Every structure is written in C-alpha cells, then in structure tokens.
Amino acid sequence: MTGGVAIVGLGPGDPTLLTESARNALDRAQDLIGYFPYVARVPEREGLVRHASDNRVEVDRARHALTLAASGRRVAVVSGGDPGVFAMAAAVFEAVEHGEPGWRDLAITVEPGITAMLAAAARLGAPLGGDFCALSLSDNLKPWPVVTARLEAVLRADLVIALYNPISSARPWQLGAAFALAATVRAPDTPVMFARAISRPDEAIRVTTLAEAAGAPADMATVVIIGASGTRLISREGRTPFVYTLRSVASAP
Ligand code: SAH
C-alpha cells in the first residue's frame, strides 16, 4: 500500500516562497485537502482530486485525510505558512491519537513552510532578532482569560510578541483589549508593526507605536508584532522604517 499523508506548508503566499520539498509533496499527491483558499493556491492538474472545506472543521478534515490514506491514497493536507503553526498538523496528530489504531502506521510527513511572522519580519528588517514568542489571539479554541494571562506573562517577560489571528468579524474587540493590556506593561512609544498579506499582491505594512496602535487597520490576513524594550526603528525618508531588535540585553530587569 502506497498511501500516506503529507502535511504541507504553502508559505505566506508567493509561490517562490514554497520550499522545493513541499512542491515535490504536492506533485506526488492524489488528493488535496484543506481550507478552500489554500487548496485554491495549488494549481489544478489531472489526477489530483481537490477537497476544499470550510475553516472550522479541522479535525473532520484530518480524519478524512487519514481515511483516504488508509485506503491507499497519497494525500496532501495544506495549510498557509507553516502547517505546524496554528494550523493543520496538530489537528492531524490529534486525529491520529484518538482515531483508528492502524492510522499510527501510516506514512505521515510534515513539510515546513515559512510562517507569517518570519515573512513579516523579513519585510520589516529583524524585529524578531532577540527573544520572541507567537500567540494566537483567537478565543475559538481557548478561553479569552487564557489568552490574556499568557499575553500578560510574555509582556512582562519583555519578549517581542507576534500575534496571529488578531481580529475577525466574529472577534472584533480582542485586539483592542490586547493593546490596552500591553499599554499597562510597555512604554507608549513601543514599536507595533502591522504586516498584512505578506508576499501577496495586496501586501501592506504599517509601523506605528503602542500609543497609536488601536487606530491602525488590521484584519484576518494581518500578523501584528509588538516590540520589546530592545526593538529599534531606523527611519528612512518617505519609506517604512527598518525595524530590528537588539540581540543583546544589557542587564537583568
Ligand atoms: N499556519 C499559518 C498561520 C495560520 S493562523 C502560518 O504559519 O503563517 C492565520 C493567521 O496567520 C492570520 O490571521 C494572520 O495573523 C497570519 N497570516 C497568515 N498568512 C499571512 C500573511 N501572508 N501575511 C500576514 N499574516 C499572515
């Protein structure tokens, strides 16, 4: 039996940012499974069956992939960015843990991709040059008090913070609440970066401060980066400043 599941990271959008290994896994696939905008990024070809689905059915999607693979199909499960970062890889392993015993013997591989915060950081300069963390601001999969407790802890730890899933029509106020919390811990002039649709035609980048951040536009395609005490701006006439975070820290807090 040749079936298996490749969990493939498509990168932030531009096809040149897809790894060769990921491209090879997509070329070998007979079935393509994922959230429809990601499935749409993979060119159609003969012999490739596309199963696009809605965003909120991750574990069902994972079970579908494993069932197909167990019947001998070569399946690619696709995610934007990296599939292990707030995406499908964890859903597939959750389905394996709780699913058919035979699924543990399937060939399951993960093809990494460039995650949004790394693509955004590369556009800005080097804002993740010191210690940093990534948080999903979505309270779909965890209670909001857990989000704020984690955010407060990393704010106090002086980490640069990449916020994924900052806002959506169903979660309109959480980002503002996160900035309000940040303002109780960090200085008003702390750099805050909004990186939208990085490497796609509608890419937009804005560099502002914590004091001004609440008014800046953000949407589901935006990753927000909150600087730490070592984050610096290098201004440039008529252009977005370079942003970087010092690798060195002078003294203990
Ligand atoms: N697995 C993806 C993240 C999925 S969560 C990855 O590794 O990038 C979805 C969130 O990722 C979005 O709400 C947004 O915060 C961020 N995101 C994904 N693609 C992006 C892009 N091209 N530019 C900016 N942010 C992006």
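Every read-out reported here was derived from the displayed coordinates using simple, explicitly stated rules and does not represent laboratory data. Owing to the predicted nature of the structure, the values given are computational and were not obtained by experimental measurement. All Cβ positions, glycine included, derive from the backbone under ideal geometry; neighbour counts span all protein chains shown.
Roughly speaking, what % of Cα-Cα pairs in the range 20-147 are separated by over 21 Å, rounded to a whole number?
Values: 3757 of 8128 pairs.
Summing the P(r) of the range 20-147 above 21 Å gives 46 percent of all pairs.
Residues whose amide H falls under 5 Å from that of Val185, counting only those 5 or more places apart or on a different chain, are absent, with hydrogens built in the peptide plane. Distance between the modelled labels on Ser235 and Arg247, one decimal in nanometres: 2.8 nm (7 Å Cα→Cβ projection). By how many degrees, between 0 and 90 and to the nearest 10, does the Cα long axis of helix 144-156 differ from the longest principal axis of the chain? That helix lies at roughly 50 degrees to the long axis. Divided by 2.2 N^0.38 Å, where N counts the residues, the Cα radius of gyration of the chain comes to 1.09. Between the Cα long axis of helix 174-183 and the first principal axis of the chain there is an angle of about 40°, rounded to the nearest 10. Relative to the longest principal axis of the Cα atoms of the chain, helix 88-98 runs at roughly 50 degrees.
Backbone phi angles across the range 5-13, fed through the Karplus curve with coefficients 6.51, -1.76 and 1.60 (θ = phi - 60°), yield HN-Hα couplings of 10, 9, 9, 10, x, 8, x, x, x Hz in residue order; Gly and Pro are listed as x.
Dividing the radius of gyration of the alpha carbons in the range 99-235 by their Kirkwood radius gives 1.03 for Rg/Rh. Using a simple spin-label model with pseudo-atoms 7 Å out from Cα toward Cβ, Ser169 and Glu46 lie 4.1 nm apart.
What separates the Cα centres of the range 128-174 and the range 209-232 is a distance of 12 Å.
For the peptides 25-32, 234-241, residues were scored by their other Cβ atoms within 10 Å and the scores averaged per peptide; the highest-first order is 25-32, 234-241.
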